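*Asks:* Below is the structure I would like to discuss, written out as C-alpha cells.
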Amino acid sequence: MPYEKSVGALKELQDEGKIRFIGVSNVSVAQLDVARSIVDVVSVQNRYSAFERASQDVLDVCARDGLAVPPWYPLGVGDLGASGRTVEDVGRRHGATPFQVAIAWLLQSSPVTIPIPGTASPEHLEENVAAAALRLSDDDLARLDGLERGRAAG
C-alpha cells in the first residue's frame, strides 16, 4: 500500500473523531514530509539511542519543529557490551548503571526525546526513573556521542 494512502487513512479516522493525535514510526525525513503534507504529525517513533543514530536527521527535524520523539529500543541493550568501557566508566563516576547512563544521554541529547524503556519489575522501573536526575557532564556527553561514530567506523 502506498505510504500516502496509509497516512490518508489515519487522516480520515482523525476527521471522524476516532483518533485525536497522529504519530508515525520508522520514517525517513522524506516520509515525514509526506505525512506532514497530509496530516498534523505530533510524534515520530524511530529507533534511536546512544548506540544507534541512523535517524539523527529525523530527530533534527523533530527538534526544529517541536515533534515528540519516543524512540524505540532506547537503551540499545545489546549494544551496551559493544560500547567497551565507556558507558560503564561514565556510570561509575556518577554511581549509575549503564542503563541509567543510556537514558540520561537520551534525555540530554535532545529536548524532544522521550525515552520509554521497558521494565520487568518495580525495582527496574525505579532505576529507570532515577536516570532523569542524572546530569552528564559535557565530557561524558562527548564520550557517549563518540560511541555510534566509533562503532560505525570500527
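*Asks:* Identify the residue in segment 77-127 that is more than 16 Å from residue 52 (Cβ to Cβ), at pLDDT 90 or above and small (Gly, Ala, Ser) and, among all such residues, is surrounded by the most Cβ atoms within 10 Å (Cβ to Cβ).
*Replies:* Once the filter is applied, the top-ranked residue is 104.
*Asks:* Got a sec? Which of 41, 87 is farther than 22 Å from residue 142 by Cα and of a type in the set (Val, Ile, Thr)?
*Replies:* Being farther than 22 Å from residue 142 by Cα and of a type in the set (Val, Ile, Thr) holds for just one of 41, 87, which is 41.
*Asks:* Here are 58, 29: which of them is buried (at least 16 other Cβ atoms within 10 Å of the Cβ), modelled with pLDDT of 95 or more and farther than 18 Å from residue 130 by Cα?
*Replies:* 58
*Asks:* Tell me which of these residue 86 doesn't satisfy, since it passes every other one: (1) without any contact (Cβ under 8 Å) to a residue 40 or more places away in the chain; (2) on the phi < 0 side of the Ramachandran plot.
*Replies:* Checking residue 86 against (1) without any contact (Cβ under 8 Å) to a residue 40 or more places away in the chain; (2) on the phi < 0 side of the Ramachandran plot, the one that fails is (1).
*Asks:* While we're on this one: Considering only residues that are free of Cβ contacts under 8 Å to residues at least 24 places away in the same chain, within 25 Å of residue 56 (Cα to Cα) and of a type outside the set (Gly, Ala, Ser), which ones fall in segment 1-38?
*Replies:* Across segment 1-38, the qualifying residues are 2, 21, 22, 24, 26, 33, 36.
The values are calculated or read from the model by the stated rules, or taken from the named source; none is laboratory data. This one's a predicted model, so the numbers in the text were calculated from it and none came from an experiment. So basically every Cβ, Gly included, is an ideal-geometry build from the backbone, and we count neighbours across all protein chains shown.
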